[in-house]
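The values are calculated or read from the model by the stated rules, or taken from the named source; none is laboratory data. Predicted, not measured: the structure shown is a model, and the values here were computed from it. Because the Cβ atoms are built from the backbone with ideal geometry, glycine has one as well, and the counts that use them run over all protein chains shown. The accessibility values were calculated without ligands, DNA or RNA, using every heavy atom of the protein model including side chains. Shrake-Rupley method; radii C 1.70, N 1.55, O 1.52, S 1.80 Å.
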Amino acid sequence: VLEVLQWVQYHDEKISDESLILVRDYGIKLEYLQVDRTKLTVERALNLINSQAQKMEMTLRDTWGAYKDYLDMAERRGMDITDEIVCKNNRMMEYHDRYLEEENRKQNQKRDAEEDKKFKKIEEDYKKNERHFEFETEDYFIRAPRRASDITKEGRFQHHCVGASDNYLSKMSKGTSYILFLRKKAMPESPYYTLEVKYDGNILQKRSMYNRQPNIEMINEVLNMWTKEIEKRCLMEQQAAV
């Protein structure tokens, strides 16, 4: 707090009591706000990071880390990060992921092609898995990946381990467990939760970005309904096989 107050006084800025409480409660350092690079005031930088954290349902720590990465990538692209269109981008995380994808595209494309070829059975089983696992409510839906590279892309976007190795791809290819995607209907192409499940509807893992679990009470309600539906489908499949 003292560091922030000294900066504000030296640069003739104003800061609200609410912002100082935020600095105190979350241990926010000046370096996290990137104000020396963007030339934003401390107040405006805090408001930006706090609003982005709420919008993306991320922690402040994850958000200021993503903000630094975003600014680094914007600079490498030759952009002026003191321009408010750049440094106050309301769609910061969207552009963060877009820039990251572009920087890693060649390497990622090579790996995705290799995984699609290596785990071709995931694509071969897609229609069967989609029929068995698909589900939707008024606000959410669950889908199966079409191919192995959908899983690796999900892992990159979510910054978790599902696509980091062949482990989950191998298990899905063998039918040991399955990776599914839970999405918001309002944002159908944006990853929200990644699920690892059994064929009978047993949920092994449910993780969002950085392994967080935002809005978990609502998500659990949706998943409880989904599990009951999958149990019914399994029973029907057993009866049909008799």
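Annotations
- Among the residues of the stretch 1-26, those that are of a type in the set (A, V, I, L, M, F, W, C) and not in a loop (DSSP other than H, G, I, E, B) comprise 2, 4, 5, 7, 8, 20, 21, 22, 23.
- Within the stretch 27-42, the set of residues being in a helix (DSSP H, G or I) and surrounded by 17 or more Cβ atoms within 10 Å (Cβ to Cβ) comprises 32, 33, 35, 38, 42.
- Helices (runs of 4 or more DSSP H) fully within the stretch 77-173 counting 3 or more residues that are exposed (fewer than 15 other Cβ atoms within 10 Å of the Cβ) and within 21 Å of the chain's Cα centre (by Cα): 92-103, 105-118
- Restricting the stretch 220-229 to residues that are touching a residue at least 24 places away in the same chain (Cβ under 8 Å) and open to solvent by less than 70 Å² (accessible area, probe 1.4 Å), the residue that is nearest to residue 55 (Cα to Cα) is 222.
- Taken together, the criteria exclude residue 217 from residues that are of a type outside the set (A, V, I, L, M, F, W, C) and either open to solvent by less than 20 Å² (accessible area, probe 1.4 Å) or farther than 23 Å from residue 59 by Cβ (or both).
- Members of the stretch 174-186 that are open to solvent by 10 Å² or more (accessible area, probe 1.4 Å) and among the small types (Gly, Ala, Ser): 175, 186
- Scanning the stretch 2-26 for residues that are closer than 14 Å to residue 45 by Cα and of a type in the set (Lys, Arg) yields one hit, 14.
- Out of 45, 74, one residue alone is within 25 Å of the chain's Cα centre (by Cα), without any contact (Cβ under 8 Å) to a residue 24 or more places away in the chain and either part of a helix (DSSP H, G or I) or within 27 Å of residue 211 (Cβ to Cβ) (or both). It is 45.
- Tally, over the stretch 158-216, of residues that are in contact (Cβ under 8 Å) with a residue 60 or more places away in the chain and either touching a His at 6+ places or on another chain (Cβ under 6 Å) or not β-branched (Val, Ile, Thr) (or both): 7
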